[in-house]
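S.K.: Below you will find the structure I want to go over with you.
The values are calculated or read from the model by the stated rules, or taken from the named source; none is laboratory data. Since the structure is predicted, the reported quantities are computational estimates derived from the model, not experimental observations. Note that each Cβ is placed from the backbone with ideal geometry, even for glycine, and that neighbours are counted across all protein chains shown. Keep in mind that these areas ignore ligands, DNA and RNA; they rest on the heavy atoms of the full protein, side chains included. Shrake-Rupley method; radii C 1.70, N 1.55, O 1.52, S 1.80 Å.
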Amino acid sequence: MEIVDHVLRTERLILRPVTADDHAVLQAHWTTPDVRRFLFDGATLSAAEITAAIEDSARDFGRAGYGLWLIHEKVGTDLAGTDLAGTDLAGTDLVDTDLVGTAGLRPLEDLGLEIFYSLAPGSWGRGYATEAARAVLAHALGPLGLPEVLAEVDEGNAASIAVIERLGMTRFDVVSGLLGPMIRYRKTA
């Protein structure tokens, strides 16, 4: 049996699939007002909804190789000269860092899979959303073999629109959303 860990690595980030053990961290992140403003149209998800999102992600990773990743900063294994030999951190590139955010792929109606992401406000302005989304997009169009990836962004979310455009996604539609118009983008393989 092949073991696939679905961990994505970038220059500065580690994206790892969410697990049931991450419920409290995910709930704290997704209930932050600035995070949920555009991701959930301002709604606060219940504990049961977060559990369902984690379970859906586990099912999707097992079935199709995609889901919800938690984003953490890479930390050097030397920790400013600290010897990690003999510790469970030796040889790793992820030490217990604060959550940077989330990224993932999920169905967008019956159109295909959409990329989505959220960042903790303390991580804004560092290029992490673009870096993480680029890794997810490359995974989707590369190893997963998807013909295209979609994105749906609130027209008023200028920061997210900038990320999507940096990914080379092109606008193809505008639809109604709870907070106003939603712009749909796509990137083909």
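S.K.: Give the residues of the stretch 172-189 that are within 22 Å of the chain's Cα centre (by Cα) and either assigned to a strand (DSSP E or B) or modelled with pLDDT of 95 or more (or both), sorted by residue number.
M.R.: Once the filter is applied, which keeps residues that are within 22 Å of the chain's Cα centre (by Cα) and either assigned to a strand (DSSP E or B) or modelled with pLDDT of 95 or more (or both), the stretch 172-189 yields Gly177, Met182, Ile183, Arg184, Tyr185, Arg186, Lys187, Thr188.
S.K.: Of all residues in the stretch 33-48, count the ones that are at pLDDT 90 or above and surrounded by 14 or more Cβ atoms within 10 Å (Cβ to Cβ).
M.R.: Selection size over the stretch 33-48: 1.
S.K.: Go through (1) open to solvent by 40 Å² or more (accessible area, probe 1.4 Å); (2) free of Cβ contacts under 8 Å to residues at least 40 places away in the same chain; (3) closer than 15 Å to Leu39 by Cβ for Glu152 and report which single condition fails.
M.R.: (2)
S.K.: Which numbered condition in (1) assigned to a strand (DSSP E or B); (2) in contact with a helix residue (DSSP H, G or I) (Cβ under 9 Å, 6 or more places away or on another chain) is the only one that Glu152 fails?
M.R.: Result: Glu152 fails condition (2) only.
S.K.: So the check is Cβ under 7 Å with 6+ separation or different chains; which pairs have a first residue in the stretch 5-26 that's over 16 Å from Gly65 (Cβ atoms) and a second one that's basic (Lys, Arg) and at pLDDT below 95?
M.R.: These pairs meet every condition: Arg12/Lys74; Leu13/Lys74; Ile14/Lys74.
S.K.: In contact with a Lys or Arg (Cβ under 6 Å, 6 or more places away or on another chain) and open to solvent by 50 Å² or more (accessible area, probe 1.4 Å) - does that describe any residue in the stretch 161-169?
M.R.: There is no residue in the stretch 161-169 that is in contact with a Lys or Arg (Cβ under 6 Å, 6 or more places away or on another chain) and open to solvent by 50 Å² or more (accessible area, probe 1.4 Å).
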